[in-house]
1. Can you work out which of the residues in the range B:151-167 that are within 16 Å of DNA strand C (Cβ to nearest atom) and part of a helix (DSSP H, G or I) is surrounded by the fewest Cβ atoms within 10 Å (Cβ to Cβ)?
2. Restricting attention to the range B:8-34, report how many residues are within 30 Å of A:Tyr50 (Cα to Cα) and among the charged types (D, E, K, R).
3. For the range A:126-150, give me each residue that is in a helix (DSSP H, G or I), aliphatic (A, V, I, L, M) and within 16 Å of DNA strand C (Cβ to nearest atom).
4. If I ask for residues that are over 17 Å from the mean Cα position of the chain (by Cα) and at pLDDT below 95, which ones from the range A:50-81 would you list?
5. Just one of A:Lys219, A:Lys198 is free of Cβ contacts under 8 Å to residues at least 12 places away in the same chain and surrounded by 12 or more Cβ atoms within 10 Å (Cβ to Cβ); which is it?
6. Does the range A:179-227 hold any residues that are within 14 Å of another protein chain (Cβ to nearest Cβ) and either near DNA strand D (Cβ under 8 Å from one of its atoms) or in a loop (DSSP other than H, G, I, E, B) (or both), and which are they?
7. When the range B:37-64 is examined, which residues are found to be farther than 27 Å from A:Arg89 by Cα and either within 14 Å of another protein chain (Cβ to nearest Cβ) or not small (Gly, Ala, Ser) (or both)?
8. Evaluate the following for A:Asp120: is it buried (at least 20 other Cβ atoms within 10 Å of the Cβ), in a loop (DSSP other than H, G, I, E, B) and either more than 16 Å from DNA strand C (Cβ to nearest atom) or not hydroxyl-bearing (Ser, Thr, Tyr) (or both)?
2 protein chains.
Amino acid sequence: MYKADQMWVAIDCLVFGYDVQEEKLKVLLFKRKVDPFSGQWSLIGGLVNYNEDIYASAERVLKEFTGLEGVFLEQLHTYGKADRDPGGRVISILFWSLIKLDQLFKDTANAHGAKWFDIDELPQMVLDHCQMIENGKEKLRFQAKNAPLGFELLPENFTMPQLLRLYQAIYDQQLDDRNFRKKILSTKLLVKQDFKDKSSSKKGAYFYQFDKEKYQELKKKGYHIEFVLK
Amino acid sequence: MYKADQMWVAIDCLVFGYDVQEEKLKVLLFKRKVDPFSGQWSLIGGLVNYNEDIYASAERVLKEFTGLEGVFLEQLHTYGKADRDPGGRVISILFWSLIKLDQLFKDTANAHGAKWFDIDELPQMVLDHCQMIENGKEKLRFQAKNAPLGFELLPENFTMPQLLRLYQAIYDQQLDDRNFRKKILSTKLLVKQDFKDKSSSKKGAYFYQFDKEKYQELKKKGYHIEFVLK
DNA sequence: GCAAAAGTGTTACTGATACACCCATGA
DNA sequence: TCATGGGTGTATCAGTAACACTTTTGC
């Protein structure tokens, strides 16, 4: 119980990561520390402070659990069923975040009692967090084709095969790699680097970087890109 | 001032209507009755009750001001800057609604102290309501091409020219009527009636109805329709 | 018979899909 | 030299865009 007859406003934050080695989408969960349901898996979250913008709350929560700042973070949906939390009347604003997952980062999360779960092997979760993740997956699939969000999930330097596999993980289906390259490159938003990733093949795959500034410019001009679908 | 050091959760509801005669998109506003800013124009809204689902709150607000139930009503975004309301800490969940505007209804709204404004002739509004409407317009434009929302704004029986003009009002641009018809009819979701609207021409235009059930079925099967763009 | 709005088809073009082979390299 | 993953080009198809005239009917 939090406190009778008062409304609480909470932030939950759905953090997606992509493991380039495993080629799997992951979600960050942690073991809830307050009753009810203490000890069960939960999205990272916290209460909004009285003098705090909700977006700042979300940034604070994200930083508390991951140490990260300045990453992709957006509001997704607000959950407000009267009985969604048996501990009291809590309205929760869900944010979602996309981050670049690397080994170092996995360790940090671990240290904070958080854990990365495969998106298709999620444990039982508290409250309506399962629903939240469903909504988040839908949004990710939707957004990944209307905006270049994929890049938020990959290292600054990434290869075409990595990008392809990321999209395949998001949509859970095979994509034709020739058409994929054509479409992605036709946006003119990728900058080919002159060095290669030789960790996954003898020939090596060229690294690319995403040209974020150019994208922002185009977006301002009302330009709309349709990224990969099938 | 509402009350110090307590957080309030409010609903605001952005109601769009389309005036078939005037061929204009409208927004429903009312004169705010509480301080601060009492007497100024505002979206319709109210506070969430302690034991009330937020969606039920939105339905209540909508009914209070319009008498309507069972119309299109969806959550849009949550506004939570700490200083957004000088009267206290209020977090507002914005819903949006699309309704069929007719003369009878315009009178009802009037009786409740609400008023319909042309979407491009809006008055000054309280708080961040101008921002809310901007976000709502964007959403309407976006959604109108990804789902058959247009029909929520027209009478049950509508003609092709009416539908065309509605879309033209939403996108604020001319559309080619031959291509428009083709695309709309290719969805197979309109049912031609065998009577005509003779109020706007001597020849008369056939009425159509939107087949909501067929759409729901298709949607369940994962079918996705792209409505008119250009 | 004429004014005013409704209704209809075809062509050109652009972008999407399907598909198979050669390349570079380390072991 | 061979096994492995990286990289490329073309032909077909489908959907979009551009475009102008005929129909109906009340006055």
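The values are calculated or read from the model by the stated rules, or taken from the named source; none is laboratory data. Since the model is a prediction, treat every value here as computed from it, not as a measurement. Here Cβ is always computed from backbone atoms with ideal geometry, including for glycine, and neighbour counts include all displayed protein chains.
1. At the first step, the residues of the range B:151-167 found to be within 16 Å of DNA strand C (Cβ to nearest atom) are B:154-155, B:157-167.
Going one step further and asking which of them are part of a helix (DSSP H, G or I), we end up with B:160-167.
On the way: B:Met160: 19, B:Pro161: 15, B:Gln162: 21, B:Leu163: 21, B:Leu164: 19, B:Arg165: 17, B:Leu166: 20, B:Tyr167: 19.
Taking the candidates together, the pick is B:Pro161.
2. Residues flagged as within 30 Å of A:Tyr50 (Cα to Cα) and among the charged types (D, E, K, R) within the range B:8-34 amount to 4.
3. A:Ala144
4. Selection gives A:Tyr50, A:Asn51.
5. Only one candidate passes the filter, namely A:Lys219.
6. A:Gly222, A:His224, A:Glu226
7. Answer for the range B:37-64, where residues must be farther than 27 Å from A:Arg89 by Cα and either within 14 Å of another protein chain (Cβ to nearest Cβ) or not small (Gly, Ala, Ser) (or both): B:Phe37, B:Gln40, B:Trp41.
8. Considered against the rule, which asks whether it is buried (at least 20 other Cβ atoms within 10 Å of the Cβ), in a loop (DSSP other than H, G, I, E, B) and either more than 16 Å from DNA strand C (Cβ to nearest atom) or not hydroxyl-bearing (Ser, Thr, Tyr) (or both), A:Asp120 comes out as no.
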